[in-house]
Amino acid sequence: MKHFLRMLIQICLYFYCKFLWRCLKFVMRKLTGRCELQRICYNTKPGASRTMKIETSLRDSKSKLLQTSVSVHPDAIEKTIEDIMELKKINPDVNPQLGISLQACLLQIVGYRNLIADVEKLRREPYDSDNPQHEEMLLKLWKFLKPNTPLESRISKQWCEIGFQGDDPKTDFRGMGLLGLYNLQYFAERDATAAQQVLSDSLHPKCRDITKEEISKFSKAEWEKKRMDKAIGYSFAIVGINITDLAYNLLVSGALKTHFYNIAPEAPTLSHFQQTFCYLMHEFHKFWIDEDPMDIMEFNRVREKFRKRIIKQLQNPDMALCPHFAASEGLINM
């Protein structure tokens, strides 16, 4: 009975708030002479703050045209904006900036949805050792990470040197499909120096300095164990596939909207996603060193702590995870 009453109260609150919100929007339009879309575009700076408000306004609208505008084909965005302006009785000659701002927002919104589809397609495609393109990508990954060490054979224990679990990496791609390989190759090729350094550190980890404050928190047994233990490394490729899973879930959950809406002046692309993966690999590597785990069994704890930190950062509407990839200059006049 209590559960039923709770649900009833929630339903009543939902409809009450929805009615109240529509009344407030009506009053604001009468007072300002502007619809909600105009108020957002004119009063909110470009980037995630504006685009996310526009997205919410369109999605929650009672108009079918506005609701479906967030999922139109990119080629139909210009026509959709014309239809929205006509529906809202907004003169484009008097409000030219509104059309430009709406177009920029819709490109990002539609682009994000399309990016999810592109990433999902790669994730669902399994690695096929009979596919020459897949094999070529895998062999390139070795060359980028170990440029001075020839791979003796396709099936080889050497794959363990770059962090795969066995002598044939194809089995490690089962969870993330081709997406894991795409990301690893992108990191190894586009950020070669950093990737090789991260690989080297994962194989030959160095102990970080322990502060007096940290020493005081150790029990005698833990301190003795810490003195005897070496720093714990990790399997580079396996962690890369794991971080791909993290990036994928951040994307699908919508958490990465803040980041992409701030760095991509138009539609976010697969390259933006791969750049984000590179950033996450960098940051996780530093985070792993700072955490200085007792053993590899702590990996899941460290990963979860890292995930929470990234999500907290993404809750800031001004956040861009990798500002060196940003195109923020293009956001100024949107």
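The values are calculated or read from the model by the stated rules, or taken from the named source; none is laboratory data. These numbers were taken from a predicted model, which means no experiment stands behind them. Neighbour counts run over all protein chains shown; Cβ positions are idealised from the backbone, glycine included. Accessible surface areas use protein heavy atoms only, side chains included; no ligands, DNA or RNA. Shrake-Rupley method; radii C 1.70, N 1.55, O 1.52, S 1.80 Å.
Details
- At R0 = 35 Å, FRET efficiency that the Cβ-Cβ distance of Asn148 and Glu82 yields, to 0.05: 0.05
- The stretch 132-315: C-alpha gyration tensor shape, a/c 1.5 cut-off, then a/b vs b/c: oblate
- Multiplying the residue separation of Glu120 and Asp245 by 0.36 nm and removing their Cα-Cα distance gives an extension gain of 43.9 nm.
- Accessible surface calculations at 1.4 Å, restricted to protein heavy atoms, place the stretch 132-315 at 51 Å² per residue.
- Global geometry of the stretch 112-198, whether rounded, prolate or oblate, following the gyration tensor of its Cα atoms and the 1.5 cut on a/c: oblate
- If the chain linking Ser253 and Thr68 were pulled fully straight, counting 0.36 nm for each residue of separation and taking away their Cα-Cα distance, it would gain 64.6 nm.
- Shape category assigned to the stretch 82-151 from the gyration tensor of Cα positions, a/c cut at 1.5: prolate
- Over the stretch 119-196, relative contact order from alpha-carbon pairs under 8 Å, at least 6 apart, %: 41
- The Stokes-Einstein estimate for the stretch 54-111, based on a Kirkwood radius over Cα pairs and taken at 25 °C with 0.890 mPa s viscosity, is a diffusion coefficient of 217 µm²/s.
- Summed residue charge, Cβ within 15 Å of Ala267's Cβ, Lys/Arg positive, Asp/Glu negative: -3
- Summing charges over all other residues whose Cβ lies under 13 Å from the Cβ of Ile155, with Lys and Arg as +1 and Asp and Glu as -1, gives -1.
- Average accessible surface area per residue within the stretch 34-124, 1.4 Å rolling probe, Å²: 50
- Length released on extending from Met137 to Ala194, taking residue separation times 0.36 nm less the Cα-Cα span: 18.6 nm
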